[in-house]
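The values are calculated or read from the model by the stated rules, or taken from the named source; none is laboratory data. Because the structure is predicted, anything quoted here is derived from the model rather than measured. Virtual Cβ from ideal backbone geometry, glycine too; neighbours counted across all protein chains shown.
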Amino acid sequence: MSQDTAQLSCQELVELVTDYFEGALPPGEHARFEAHVERCRGCGVYLEQMRTTIRLLGHLPVDELPAGAELELLEAFRGWRSC
Amino acid sequence: MAVAGSTEAQLLEALRAGDEAAFAQLVREYQPSLVRVARIYVSTQAAAEEVAAETWLAVLNGLDRFEGRSSLKTWIFRILTNIAKTRAQRDGRTLPFSALQDPGRVPEAALDADRFLDPQHPRWPGHWAVRPEPWPEDALIAAETQAVVAEAIEALPPAQRAVISLRDVEGWSSEEVRNALELSETNQRVLLHRARSKVRRALESYLGEDT
């Protein structure tokens, strides 16, 4: 293919995954990224793993506030309100 | 994301009226993130918690002056950032501002170079030397896998940890994170990318153990 010289290597591609997800790649780069993933099994798996990683992050329970911390802050709130 | 169930205007009104439930709701929503962001600037968890507590007081005292030119969330995080910077200065901490302002200065690859063939390789330059293998679907929903993700986040440098927590765990938009942390678009992406890459690596090393 004539665009061979402009191809992304796998090593370059893994650094562009977030830019790709965020829609931050310039159009040409975006097309090269997708063309690469289409014919490279390793990068296809890698991209899927990054998607899975993001999905798992989204399912993490959001940190709970320790009860003591909340009470202290509410205490401060009452102090403020009575000023 | 607004605090669940009420609009920002309603929330503000309730806070100004001294409604404790409204304050409790706000605290539950933002306190963990405030502490995480404060950790970018101060060196201990205890100091970060103090910064967050100080922030809440400043928020309450500033409520009447808040004009809604930014979102309440952005405003709260700006206050936090200012207090955290002051605190860091007072503690004589050399501020790792470059972590936010120039994270790309120190290169950090998503994967070790030995995962790839040499960039000068005659036939497959920079191609996979060790290809990633698909993960077993059933392992992904296991509680242990969740624990691996949580541990990987905790192990990140503070700026990366704050960005990935806000974006991917809490579901903030890129713009909200940029505003709260005063980050450029590019720098936010760099931090997010590094953080996600490391969490993926932790998952790969955990899920690949049995194969």
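Kindly indicate whether any position in region A:14-26 is touching a strand residue (DSSP E or B) at 6+ places or on another chain (Cβ under 6 Å) and within 29 Å of residue B:144 (Cα to Cα).
No, region A:14-26 contains no residue that is touching a strand residue (DSSP E or B) at 6+ places or on another chain (Cβ under 6 Å) and within 29 Å of residue B:144 (Cα to Cα).
Could you check residue B:92 against (1) touching a Pro at 6+ places or on another chain (Cβ under 7 Å); (2) at positive phi and say which number it fails?
Tallying (1) touching a Pro at 6+ places or on another chain (Cβ under 7 Å); (2) at positive phi, residue B:92 fails exactly one: (1).
Here are the criteria: (1) buried (at least 18 other Cβ atoms within 10 Å of the Cβ); (2) among the charged types (D, E, K, R); (3) within 11 Å of chain A (Cβ to nearest Cβ). Tell me which single one residue B:176 does not satisfy.
(3)
Residue A:32 - would you say it is at negative phi, at pLDDT 95 or above and exposed (fewer than 15 other Cβ atoms within 10 Å of the Cβ)?
Taking the combined requirement at face value, the residue does not satisfy it.
For region A:31-47, does any single residue satisfy the condition of being facing another protein chain (nearest Cβ under 7 Å), among the aliphatic types (A, V, I, L, M) and part of a helix (DSSP H, G or I)?
Yes, region A:31-47 contains at least one residue that is facing another protein chain (nearest Cβ under 7 Å), among the aliphatic types (A, V, I, L, M) and part of a helix (DSSP H, G or I).
From the set of residues in region B:53-92 that are in contact (Cβ under 8 Å) with a residue 12 or more places away in the chain, away from chain A (no Cβ under 14 Å) and of a type in the set (Gly, Ala, Ser), which is surrounded by the most Cβ atoms within 10 Å (Cβ to Cβ)?
Out of the qualifying residues, it is B:84.
Could you list, in sequence order, the residues of region A:52-71 that are more than 7 Å from chain B (Cβ to nearest Cβ) and modelled with pLDDT of 90 or more?
The answer is A:55, A:59.
Residue by residue through region B:30-52, note down the ones that are among the hydroxyl-bearing types (Ser, Thr, Tyr) and either in contact (Cβ under 8 Å) with a residue 24 or more places away in the chain or under 22 Å from residue A:79 (Cβ atoms) (or both).
Of everything in region B:30-52, those that are among the hydroxyl-bearing types (Ser, Thr, Tyr) and either in contact (Cβ under 8 Å) with a residue 24 or more places away in the chain or under 22 Å from residue A:79 (Cβ atoms) (or both) turn out to be B:30, B:33, B:41, B:43.
Just to be sure before I move on: is residue A:11 among the polar types (S, T, N, Q), within 27 Å of residue B:143 (Cα to Cα), surrounded by 15 or more Cβ atoms within 10 Å (Cβ to Cβ) and modelled with pLDDT of 95 or more in the structure I sent?
No; evaluated as a whole, the condition is false for this residue.
Do you know which residues across region B:120-132 are surrounded by fewer than 17 Cβ atoms within 10 Å (Cβ to Cβ), in contact with a helix residue (DSSP H, G or I) (Cβ under 7 Å, 6 or more places away or on another chain) and facing another protein chain (nearest Cβ under 8 Å)?
B:131
Kindly indicate whether residue B:37 is crowded, with 23+ Cβ neighbours inside 10 Å, at pLDDT below 95 and within 14 Å of chain A (Cβ to nearest Cβ).
yes
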